[in-house]
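**Q** Once you've had a glance at the structure underneath, I'll fire off some questions.
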Amino acid sequence: MPNWELRNCCNRDQGAFLITIGVFTVVILALWRTFLLTPFKLITVFLHEASHAIACKLTCGDVVGMQVHGNEGGVTQTRGGIYWLILPAGYLGSSFWGMTLVLASTNLLTARIAAGCLVLALFIVLFVAKNWTLRGLCIGFIIFLAVIWILQEMTQVRILRYVILFIGVMNSLFSVYDIYDDLISRRVNSSDAENHLGNDIVYISLWIHVSWTCHLIIRFRGLRYTISSSISYRAEQQCLKTWSALVVSFF
């Protein structure tokens with residue numbers, strides 16, 4: 001019988017990890033429309049646009065250029081590839097990068113690897129960036145991560161894992177909040193969500209549901225690697241099947 005209880009699932013460190021994710025989630029949602037989160041929102045937009053670019057290359061297309069704007073919008077110019085795979089790749093990629101960074105933050109070595117990969121990606125994008133906002137973002141975050149790395153290695157200010165976790169949580173929330181923000185709270189006619197979903201509230205609701213499902217699955221899968229939970233593997237599989245069935249039912 002599956003055991004759905006979480007009794008005695010977490011030690012002190014694991015509990016602190018969950019509380020930190022919860023605090024970051026509340027802070028991100030509370031400050032979403034303030035200037036305080038602008039640099040992190042722009043790096044989230046960068047990863048969103050990078051996901052479009054990766055989907056384009058994986059479907060044999062060419063990436064002509066990439067832009068991230070100060071108004072927190074972005075554009076990836078592509079040629080060829082499979083359009084219906086490239087378009088939703090931004091939101092799906094945000095969820096994937098969120099999962100990857102959250103998992104990477106659980107260990108100092110993997111946090112270092114994640115930071116190094118992010119710096120490398122930012123450096124590469126410098127050569128395809130089509131505007132100075134994106135170039136400035138790349139340079140600024142390369143310097144920012146380098147400073148955080150130096151502090152981690154040479155002082156007692158060891159916050160690299162928390163920075164990686166914060167960026168991961170923000171990316172995992174982005175696909176849900178951005179669809180809501182662009183299509184329901186306010187309408188942005190040039191957004192991915194608008195282009196993909198149009199004006200149909202049924203499809204808007206569907207994609208919010210799909211994005212939230214991906215977010216929950218990512219969190220659930222992530223916690224399996226970070227928490228010695230009493231939930232059995234079969235219970236986890238049943239939960240994922242249930243959520244998948246709910247998504248399919250909307251079609």
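What follows is calculated from the coordinates using simple rules that are stated; it is not laboratory data. Worth saying up front: this structure is predicted, and the values here are computed from it rather than measured. Please note: Cβ atoms are built from the backbone with ideal geometry, for glycine as well, and neighbour counts cover all protein chains shown.
**Q** Give me the extension gain from Ala30 to Tyr83: residue separation times 0.36 nm, minus the current Cα-Cα distance, reported in nm with one decimal.
**A** Values: separation 53, 0.36 × 53 = 19.08 nm, distance 3.43 nm.
Extending this stretch completely gives an extra 15.6 nm.
**Q** OK, next. Quote the charge dipole size of the stretch 1-117 about the Cα centre in Debye, to the nearest 20; the model charges only the Cβ of Lys and Arg (+1) and of Asp and Glu (-1). The partial results should precede the final answer.
**A** Working: 7 positive and 5 negative charges, 19 e Å.
That gives a dipole near 100 debye.
**Q** Enumerate the amide H contacts of Val64 below 5 Å, restricted to partners 5 or more residues apart or on another chain; note that Pro and chain-start residues carry no placed amide H.
**A** Placed amide hydrogens put Gln77, Thr78, Arg79 under 5 Å from Val64.
**Q** Starting from the Cα-Cα distance between Ile54 and Ile143, subtract it from 0.36 nm times their residue separation and give me the gain in nm to one decimal.
**A** Details: separation 89, 0.36 × 89 = 32.04 nm, distance 2.44 nm.
Net length gain for the segment: 29.6 nm.
**Q** Taking the alpha-carbon set of the stretch 70-126, what are its Rg and Dmax in Å?
**A** In Å, with Rg to one decimal and Dmax whole: 14.1, 40.
**Q** Given a Förster distance of 22 angstrom, what is the FRET efficiency for Gln14 paired with Glu153, based on the Cβ-Cβ distance and rounded to 0.05? Don't skip to the answer; put the middle values down first.
**A** On the way: r = 26 Å, r/R0 = 1.16.
Once the sixth-power term is evaluated, E becomes 0.30.
**Q** For Ala121 and Thr38, compute 0.36 nm times the residue count separating them, minus their Cα-Cα distance, and round to one decimal in nm. All intermediate terms of the calculation are to be shown ahead of the outcome.
**A** Details: separation 83, 0.36 × 83 = 29.88 nm, distance 1.97 nm.
Extra length available between Ala121 and Thr38 comes to 27.9 nm.
**Q** Give the Cα extents of the stretch 1-108 along the principal axes, in whole Å, largest first.
**A** 53, 42, 26
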